[in-house]
1. Determine whether region 166-179 contains at least one residue that is in a helix (DSSP H, G or I), in contact with a Leu (Cβ under 9 Å, 6 or more places away or on another chain) and among the small types (G, A, S).
2. Out of the residues in region 48-97 that are at pLDDT 70 or above, under 26 Å from P402 (Cα atoms) and polar (S, T, N, Q), which is farthest from the chain's Cα centre (by Cα)?
3. Is there a residue in region 136-146 that is assigned to a helix (DSSP H, G or I), within 25 Å of I40 (Cα to Cα) and either of a type outside the set (A, V, I, L, M) or modelled with pLDDT of 80 or more (or both)?
4. Can you find a residue in region 164-185 that is at pLDDT below 80, surrounded by 13 or more Cβ atoms within 10 Å (Cβ to Cβ) and more than 23 Å from G15 (Cβ to Cβ)?
5. Which one of these is of a type outside the set (K, R) and in contact with a Pro (Cβ under 8 Å, 6 or more places away or on another chain): V159, V167, V154?
6. Which pairs turn up if I take residues in region 1-27 that are closer than 22 Å to N181 by Cβ and modelled with pLDDT under 85 and look for partners that are assigned to a helix (DSSP H, G or I) and not aliphatic (A, V, I, L, M) with beta carbon separation below 8 Å, at least 6 apart in sequence or on another chain?
7. So which of V94, V87, V126 ends up being out of contact with any Cys (no Cβ under 6 Å at 6 or more places or on another chain), under 27 Å from Q45 (Cβ atoms) and of a type in the set (A, V, I, L, M, F, W, C)?
8. Name every residue in region 229-281 that is modelled with pLDDT of 75 or more, touching a helix residue (DSSP H, G or I) at 6+ places or on another chain (Cβ under 9 Å), of a type in the set (A, V, I, L, M) and not in a strand (DSSP E or B), in order of residue number.
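The values are calculated or read from the model by the stated rules, or taken from the named source; none is laboratory data. Nothing here was measured: the structure is a model prediction, and the numbers come from that model. Cβ sites come from the backbone with ideal geometry, for glycine too, and all protein chains shown count toward neighbours.
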Amino acid sequence: MKKIINILKNKEIMGRIVFTIMILFIFRLGAQVTVPGVTIPEDSQLSDFLNGNNPLSLMNLLGGGTLQSFSIFALGVSPYITAQIIVQLLSTDVLPALTELKRQGQYGRKKIEMATRYLTLMLGAVQAYGIIKTMQASDFISFEVAQYEWMTYVYIVIVLLAGSMLVMWLGDQISVKGIGNGISMIIFAGIVCSLPNQMVNAWQTWCNPYIFARGEGEAIAGIFKFLLYVFAYLLIIAFVTFIELSKRKIPVQHSGKGGGQTQSMARASFLPIKINSAGVIPVIFASSILMAPSVIMAFIDSEAGTNATWLGIFNTTTMFDMGGWSMPWGLIIYLVLTVAFCFFYANLQINPAQLAENFQKNGSYIPGIRPGNETERYVRKVLNRVTVIGAAALAFIAALPPVLTMTGVFGGNQSLALGGTGLIIVVGVALEINSQIDGLLAGKSFDEVVASGGQG
């Protein structure tokens, strides 16, 4: 309560919060505007399709349901996220030019960001065309003007690209003048907006039919199912929060000269290694790879291509027969990719070789571990062990929706599947916002102390 009062008293924080809310309102307003010239048929199964577990459903989740109305913001930040991932992959000694830019501080980061934006445009154009062809082949959307169809494609792609660029600009404004990371806040707002609808859907599924049309016993059973559903959701949130906050602390000693004394004085600190240092990036990238074959086939043959039987191997919620082996191959590929990218991103976030080198330069060391190669091996061993736990937890959360759908826990209503991926994003962003607010409050308190000391 005290923290809330301090936030309300802080003009800077309140100004940032109000600005963020205004930007998010603009985003949600644009998310409801369907692309001009595109019609969604009344009998379209688009809503049911996007409520399922497929690559487009994740894209719809990241965009805050913008694909459901095929809005001008339908692409959202998905091309930018994919571009970021590709650039990060290439900057790991794959392209020496990018690797060199990565080491050049602020100047290098600006150049890399510019390259990421250009790549976003190219990926966005490809992604937009693939989505249009896929959704058109499935009769999810139709064009109001059938004549000069190729011009319609070009027009819609340009509109979607413009919408994606506008979303990125709105995100940049939040990062500079608002609260939290702009891109993360855009995704956060979209997911949070979908949660109430999910709860209402669950209530209508289990409670309304029983309460108004059945006996007392079945009414109680329906309410019990709903309460169990809410409890499971809270349990997943608690689990995700625990994983996000869990860290392995490696003790570090820093030696240096103190005052005018000749003897060195050591001060202790910790090197924190998060259990899930990669966040939700592995899930997003794994989903992008699973979506790629469908997008490519949309280019080759819009109708026969997108409905090809072999594409069923990339579906995470169905059993696919391959060589007499009927297994959920899509889910297996999805989880293997998720785990693999967890290890990749963990080593990308914390480079043991560079860390050991920095330790030697700064006169820091891990107690009981020799500087240099031994420190590098020790940090890598700890990082890999911690990542095993994080990868297992992330794979479990990512597998929840497709597994629950396949087992028929929610019947035919796939929209009720507990979305662990969205919750990871929500919890992560919420913790980031809380940390930023704490930092701003601490900064104000420090300024007040300095001011009072100066007056005295």
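1. Looking only at region 166-179, we keep the residues that are in a helix (DSSP H, G or I), and these are 166-177.
Pick out the ones that are also in contact with a Leu (Cβ under 9 Å, 6 or more places away or on another chain) and you get 167, 170, 174.
Pick out the ones that are also among the small types (G, A, S) and you get none.
No, region 166-179 contains no residue that is in a helix (DSSP H, G or I), in contact with a Leu (Cβ under 9 Å, 6 or more places away or on another chain) and among the small types (G, A, S).
2. Result: S69.
3. Within region 136-146, the subset assigned to a helix (DSSP H, G or I) is 136-137.
Keeping just the survivors that are within 25 Å of I40 (Cα to Cα) gives 136-137.
In the following step, the residues that additionally are either of a type outside the set (A, V, I, L, M) or modelled with pLDDT of 80 or more (or both) were identified as 136.
Looking for residues that are assigned to a helix (DSSP H, G or I), within 25 Å of I40 (Cα to Cα) and either of a type outside the set (A, V, I, L, M) or modelled with pLDDT of 80 or more (or both), one finds at least one in region 136-146, hence yes.
4. Checked against the condition, which is being at pLDDT below 80, surrounded by 13 or more Cβ atoms within 10 Å (Cβ to Cβ) and more than 23 Å from G15 (Cβ to Cβ), region 164-185 yields no hits at all.
5. Residue meeting the stated conditions: V159.
6. Pairs that qualify, where the first residue is closer than 22 Å to N181 by Cβ and modelled with pLDDT under 85 and the partner is assigned to a helix (DSSP H, G or I) and not aliphatic (A, V, I, L, M), are N10/K444.
7. V126
8. Within region 229-281, V230, I236, I237, V240, I243, L245, I275, A278, I281 meet the criteria.
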